[in-house]
Amino acid sequence: MDLDLRKVRYFVAVAELLHFGRAAERLHIAQPVLSRQIRALEKDLGTELFVRDSHGVTLTDAGRQLRDDARQLLDMADGTRRRVLRAARGPRRLVVGFRAGVVVTPALRAFAAGHPDVEGNARRVEWDDQERLILDGTVDVAFVRRPVREEGLELRPLYSEPRVAMLPDGHRLAGKQELSLADLDGETWLHYATPRPGALPIRTIEEKFECVAAGTAVTLVPRSVAEQYSRPDIAYVPVTDAEPDQVLLAWAAGRRSPLVTAFVEAAQSLG
């Protein structure tokens, strides 16, 4: 039995909203049609995905498993569609994602030297979309930072780099030559993907700058970020016992692409 991706998309809408009416509105279809499609999917799979009762809609164990797997499945299907359309349009193109602080120009130049007929483009990615943009085909390969959700990805470690504290310029520790994590005990922290007690959630490096400069919180950043982003109201101090930041190349697992292979080789050749 092959999964019907349209039914899977319908399922994801209901699984996210846990409400057939609101899911139907999101999908721009009638609720009875949506209900029939979900029933058909359950019949295809041979199991119930939702518990429907007077209290509402909840996921079964099978439904939770499909919800966890479906997003990756749909992202990969979208990626295939994008790459096919891109190939049909031509000319050949390689889109390389990168996180803040990562310099992609040397790798793109090394790749272009052997592939002058390929258009190479760079696109910034963030911590919360780096995996999705690879799987859905928005980027072909990306320089990512840990933590990384590895499902569906091939990963190739490139290098690690020290982390430094990002502090407001008037901070009590801003003039130090180096720090330890213990020196930062009691500070309010910013966080991306890995929460810590009392930390403030943010999404982009720009949000980090504004929060730190305002004295709201402190954070750690890779040394390359400190080297690339200088502001008079922010100080950077090395933290000797902070876990190094890891940079990896990532691309969709199982995808056979000579261009991605060539770019990975070019990036690794730079040492």
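The values are calculated or read from the model by the stated rules, or taken from the named source; none is laboratory data. Fair warning: this is a prediction, and the values are worked out from it, not measured in the lab. In this analysis, Cβ positions are derived from the backbone assuming ideal geometry, glycine residues included, and neighbour counts consider all displayed protein chains.
Listed values, structure above:
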item: Filter pass, Gln72 being more than 17 Å from Leu248 (Cβ to Cβ) and either surrounded by 15 or more Cβ atoms within 10 Å (Cβ to Cβ) or of a type in the set (Lys, Arg) (or both); result: yes
item: Breaking point among (1) under 21 Å from Phe98 (Cβ atoms); (2) out of contact with any Pro (no Cβ under 9 Å at 6 or more places or on another chain); (3) touching a residue at least 24 places away in the same chain (Cβ under 8 Å); (4) not in a loop (DSSP other than H, G, I, E, B), for Glu265; result: (3)
item: Matching option when the condition is at positive phi and out of contact with any Phe, Trp or Tyr (no Cβ under 9 Å at 6 or more places or on another chain), among Gly79, Gly114, Gly46; result: Gly46
item: Selection count, the range 26-43, where residues are surrounded by fewer than 14 Cβ atoms within 10 Å (Cβ to Cβ) and not basic (Lys, Arg); result: 5
item: Any chance Arg223 is surrounded by 14 or more Cβ atoms within 10 Å (Cβ to Cβ) and either assigned by TED's automatic domain parsing to the domain that holds Val103 or charged (D, E, K, R) (or both); result: yes
item: Selection status of Gln65, of a type in the set (S, T, N, Q) and touching a Gly at 6+ places or on another chain (Cβ under 8 Å); result: no
item: Checking Ala107 against (1) surrounded by fewer than 17 Cβ atoms within 10 Å (Cβ to Cβ); (2) under 19 Å from Ser257 (Cβ atoms); (3) over 18 Å from the mean Cα position of the chain (by Cα); (4) not polar (S, T, N, Q), the condition it does not meet; result: (1)
item: Number of the condition not met by Leu190 [criteria: (1) modelled with pLDDT of 95 or more; (2) touching a helix residue (DSSP H, G or I) at 6+ places or on another chain (Cβ under 7 Å)]; result: (1)
item: Number of positions in the range 229-254 that are surrounded by 16 or more Cβ atoms within 10 Å (Cβ to Cβ) and among the small types (Gly, Ala, Ser); result: 4
item: Selection count where residues are crowded, with 18+ Cβ neighbours inside 10 Å and farther than 24 Å from Leu248 by Cβ, scope the range 177-208; result: 2
item: Selection count, the range 215-235, where residues are closer than 9 Å to Pro168 by Cα and outside any loop (DSSP other than H, G, I, E, B); result: 3
item: Only one of Gly120, Gly97 that is touching a strand residue (DSSP E or B) at 6+ places or on another chain (Cβ under 7 Å) and at pLDDT 95 or above; result: Gly97
